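J.: Okay, here's the structure, questions in a sec.
The values are calculated or read from the model by the stated rules, or taken from the named source; none is laboratory data. In this text the structure is predicted, and so the values were computed from the model without any measurement. Using ideal geometry, Cβ is built from the backbone for each residue, glycine included, and neighbour counts are taken over all protein chains shown.
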Amino acid sequence: MNQEELQQIAAAAHEEREKFDYEVNVCMGTGCLSQHSDQVKAAIEKEAAGCGKRCHVRRTGCMGLCAAGPLVLVEPTETRYGHVHAADAPAIIASLGGEDASKLNPRLDPHLGGYFAGQKHVVLENSGHIDPEKIDEYIGRGGYEALVKALTDMNPASVIEQIMKSGLRGRGGGGYPTGLKWDMVSKVKGPQKYVICNGDEGDPGAFMDRSVLESDPQRVIEGMAIAAYAIGATKGYLYVRAEYPLAVQRLTVALREARRRGFLGNGICETTFNFDIDIRLGAGAFVCGEETALIASIEGKRGTPRPRPPYPAVSGLWGAPTLINNVETFANVAPIIRNGGEWFSGMGTDRSKGTKVFALTGKIQRTGLVEVPMGMTLRHIIFDIGGGVPDGRKFKAVQTGGPSGGCLPEEHLDLSISYDALISAGSMMGSGGMIVMDDTSCMVSVARFFMEFCMTESCGKCVPCRAGTVQMHELLSKICRGEATHRDLDRLTELCEVVGATSLCGLGQTAPNPVLSTLRYFKHEYLAHIDEKRCPAGVCEFSSTEKPVTAEVHA
Amino acid sequence: MPLYAERPPLPSDDKRWRIVNGTMRKHGYSRNALIETLHTVQSSFGFLDVPAIKFVANSLRVPLSQAYGVVTFYHFFSLKPPGRHTCTICTGTACYIKGSEKLVAETEKLLHIKVGQTTPDGEVSFTTARCVGACGRAPVALLDGELSGQMEAAELKTQLERWTTQ
C-alpha cells in the first residue's frame, strides 16, 4: 500500500457514492438497535428499491442523539430525523429531492431541537456517515491518509513532535500530555514494545468509547498504528469490555479488513514497519481501567494495580516498555497527523486543546453524545445542546468524571470546560460522562451510590481503599437513614482525606471525590439529614424519626 | 517427551470442549490466555464450574488457585448456571438517576429472589450490571441479552410475568 494505491481506493469509494443521488443512513448503534432500527433500515431499503430514485441505504454507527432514536440521516442535505418507525419509510423516501419529510409526516421533525448546532466533530467526524464494517468507506473520507503520510514522509520523531505540538492530553481522565508519554516510551530501549488501547470504559454513565468503537473502529486502529510507528512497537492490544458485544464484533471485522488492506501485518506501506493488533476482552472489573491493573489483566491475571514507578512506559506488559492510551486519545491521532499539530491546538483553551466527547445523560431533555471544543461552558452544553431539565423540574447538579469526579452545582454552570478548571472546581474531566440531576435527586444518596460502586469495585489489594470505602459507605448509609451525628460527619471527612492520600491507585485516591464535592456544595443536605432527620429531595426514608439515639457499646 | 502429552484429556465428549481447546490452541497454550479461555468456557457453557476451571488451569499450567482467583475476581464470570431466562438491570449512574433502584426492588418482589439469584424452578436469573453503555436510553434492562431502554416498572412486570407463567 502506498499513497497512490490509497488514493485509488478513495477514488473508487467516491465513484461508488457518485452512483447515487441520495444516501439514507440509518443508525445501528446499540441505542438505536434496541429500538429496532434494523427494522427501520429494512423498511427503507424495501421502499427505496421500488421508488426509482438512485438511493443508497446504509447502516452506520451512532449518530449521537440516543434520546430520539432510531435516527436517520439523509445526505447530501444533511437532514436528520428522530423517532423513525418502519412505517415512516415511505415519507422519507418520497421526500428525497424535495422538501424535508415533515411536510409529508409531521411527526418527522428534521430540527431535533438544535442538538447538532454548536458541536464540533473531530473524533465523531465519521460516526453516522460510514458503514463501520467497510474499510473503503473510511478511506473514502480521508482514512489511513495519516498512517501512510507518517510512514512514508515522516520519521518517528517528527510524528511525536506533531502530537506534542497539538497539545493533545489523555482523554481517559488523567489528562497527561500524550506527546510526552509517546516521547518517554520511544526513548526507552527494548527489543519488544507494546501499544495498548484502553477500551475498558468502566465509568458508569459514560459511553463515548463504545460509540467510537462501534461507529468508526478503523480510526482507533489507525491511531494505534501511528503510535506504534512513533514509539517502535510491533504488537498492540485492544482491551475492550465484554459488556460491549457489538463493539467487539465490529472491531473483529475492522481488524480483519485492515489486515486485508495491508494496514496491519508485516511490511506495512512497503516499509519495514510491522504491526498487528489483538483484541483482549475485559471481564467486568472497573479497576482494570487503571493502567497497571489493565496490564495484569492482559497477562491473564487478576486485575490488581501495582505501585508506580516503574511506569508502564519503562516496564509494562511482560516487563516491556508499553504505551497505554484511551480509545478517544487514539481516535484523535489520525486527524492531528493529517492536518498538523497546529490545526488541533487552534481549538480549545490554553492548556486543554481540541474537542472532547461527552455522554450527556440523566435528567436532561436530549440525552446522547456531544462533541464540543474545550472551553465551552457547562450551561451551553446542558441547556443549549441538551435542552435543559425536562418536566419543568429545576436543575440541581451535574456530575462529571464518574466515580472519581464530583457534582457541580448551579453556580458553576458558567465554568468553561477544561481539565484544570474542572479539577479546581472539585470535579474532574474523567472519561467524559456528564450526568445531570434535578431537584428530585438527593445528593447524599448520590454520594452513597458512588461510594457503593467504589466499595464493590475495590480490588482489595491495599487497605485504605478496601476498608476505607466500606466505612465511608456505612457512614453515608447512616446519614441516609437519619441515624448519623455530627461526629459521623467529621469521621467521614477525616476518612476521605486518609483514603485519598494513602490508596495505591487512582480508584482509591479519587473514591472520596463524590463525597468531598457534595460536602463542598451541598453541605446543607447532609445537615438536613443529620439535624432535622429530613431529606430535602424526599428520597431517603427514615426508619423512625422519633427513635432515641442509642449508643452502641463494643466490648 | 513432547509437551502436549502432559495436557489433560477433554473432560467429556461434549463438542463444546473442542471450542474451548481451540481457543487455547490459538494462543499456543500460553498462560496469559487464561482469561480468554475462561470467556470461551462461559460463552459455551453459560457458566464456569470447578471441573471446567480445573481443566483450563491444568491445560494452561496455571495454578488452580490463580485460575479460581481470576474467576472470582471478575464480575463477568459466573460459578452458577444461569436460569432459562435472564433479566439484567443496569445500575450505572444514568440509570440510577432515572430510578433503576425501583426496577430492582420491583423485580425482587415479583420473582421473590434477590439480585444474583435464580428462581427455584430455574426459570429466571436476576442480576444487575455496572453499566452497559446505553446511558442515553436509561433506565436500561437486558432481557435475555436483548437491550430495552427507557424501561418502566409496568413494562418490566409484563415481561417477567410472561416468563414466570409459561
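J.: Mind checking which residues of the stretch B:74-109 are basic (Lys, Arg) and either at pLDDT 95 or above or farther than 24 Å from A:Gly31 by Cα (or both)?
T.: B:Lys80, B:Arg84, B:Lys109
J.: Now a separate question. Report yes if B:Leu48 is among the hydrophobic types (A, V, I, L, M, F, W, C) and either out of contact with any Ser or Thr (no Cβ under 8 Å at 6 or more places or on another chain) or at the interface with chain A (Cβ under 9 Å from one of its Cβ atoms) (or both), otherwise no.
T.: no
J.: If you don't mind, there's one more thing I want to ask. B:Ala134: closer than 21 Å to A:Gly303 by Cβ and either in contact with a Phe, Trp or Tyr (Cβ under 8 Å, 6 or more places away or on another chain) or assigned by TED's automatic domain parsing to the domain that holds B:Arg16 (or both), yes or no?
T.: Criteria not met by B:Ala134.
J.: Could I ask something else about it? Tell me, please, whether a residue that is touching a Gly at 6+ places or on another chain (Cβ under 8 Å), surrounded by 16 or more Cβ atoms within 10 Å (Cβ to Cβ) and of a type in the set (D, E, K, R) can be found in the stretch A:106-119.
T.: Among the residues of the stretch A:106-119, at least one is touching a Gly at 6+ places or on another chain (Cβ under 8 Å), surrounded by 16 or more Cβ atoms within 10 Å (Cβ to Cβ) and of a type in the set (D, E, K, R), which makes the answer yes.
J.: Enumerate the helices (runs of 4 or more DSSP H) found wholly within the stretch A:443-511, keeping only those where 3 or more residues are more than 22 Å from A:Gly172 (Cα to Cα).
T.: A:443-457, A:463-481, A:486-502
J.: Quick one: would you say A:Ile417 is outside the structural domain of A:Ala484 (by TED's automatic domain parsing), crowded, with 23+ Cβ neighbours inside 10 Å and farther than 24 Å from B:Val132 by Cα?
T.: yes
J.: Restrict the check to the stretch A:90-113 and report whether at least one residue is more than 30 Å from A:Val372 (Cβ to Cβ), of a type in the set (Lys, Arg) and modelled with pLDDT under 90.
T.: yes
J.: Restricting the stretch A:408-443 to residues that are within 24 Å of A:Lys533 (Cβ to Cβ) and within 14 Å of chain B (Cβ to nearest Cβ), which is nearest to the chain's Cα centre (by Cα)?
T.: A:Met437
J.: Would you check which residues across the stretch A:209-250 are under 23 Å from A:Val122 (Cβ atoms) and either among the aromatic types (Phe, Trp, Tyr) or within 9 Å of chain B (Cβ to nearest Cβ) (or both) and list them?
T.: Passing the criteria: A:Asp209, A:Arg210, A:Ser211, A:Tyr229, A:Tyr244, A:Ala247.
J.: Let me ask something else about it. Give the stretch A:407-442 a look and list any residue that's in contact with a Lys or Arg (Cβ under 8 Å, 6 or more places away or on another chain) and outside any loop (DSSP other than H, G, I, E, B), or say none.
T.: A:Pro409, A:Glu410, A:Tyr419, A:Asp420, A:Val436, A:Met437, A:Asp438
J.: Give just the number: which of (1) in contact with a Pro (Cβ under 9 Å, 6 or more places away or on another chain); (2) more than 30 Å from A:Cys442 (Cα to Cα) does B:Thr91 not satisfy?
T.: (2)
J.: Since A:Arg259 meets every condition but one in (1) in contact with a helix residue (DSSP H, G or I) (Cβ under 9 Å, 6 or more places away or on another chain); (2) modelled with pLDDT of 95 or more; (3) more than 13 Å from every other protein chain (Cβ to nearest Cβ); (4) farther than 30 Å from A:Phe395 by Cα, which condition does it not meet?
T.: Against the list (1) in contact with a helix residue (DSSP H, G or I) (Cβ under 9 Å, 6 or more places away or on another chain); (2) modelled with pLDDT of 95 or more; (3) more than 13 Å from every other protein chain (Cβ to nearest Cβ); (4) farther than 30 Å from A:Phe395 by Cα, A:Arg259 comes up short only on (1).
J.: Of everything in the stretch B:142-156 that's crowded, with 21+ Cβ neighbours inside 10 Å and within 10 Å of chain A (Cβ to nearest Cβ), which residue is nearest to the chain's Cα centre (by Cα)?
T.: The extreme case among them is B:Leu147.
J.: Since A:Ala157 meets every condition but one in (1) surrounded by fewer than 24 Cβ atoms within 10 Å (Cβ to Cβ); (2) in a loop (DSSP other than H, G, I, E, B); (3) of a type outside the set (Val, Ile, Thr), which condition does it not meet?
T.: Evaluating A:Ala157 over (1) surrounded by fewer than 24 Cβ atoms within 10 Å (Cβ to Cβ); (2) in a loop (DSSP other than H, G, I, E, B); (3) of a type outside the set (Val, Ile, Thr) leaves (2) as the failure.
J.: Separate question: I'm checking my understanding of the structure. Among residues of the stretch A:35-55 that are touching a residue at least 24 places away in the same chain (Cβ under 8 Å) and under 25 Å from A:Ala247 (Cβ atoms), which one is farthest from the other protein chains (Cβ to nearest Cβ)?
T.: Restricting to residues being touching a residue at least 24 places away in the same chain (Cβ under 8 Å) and under 25 Å from A:Ala247 (Cβ atoms), the top hit is A:Ile44.
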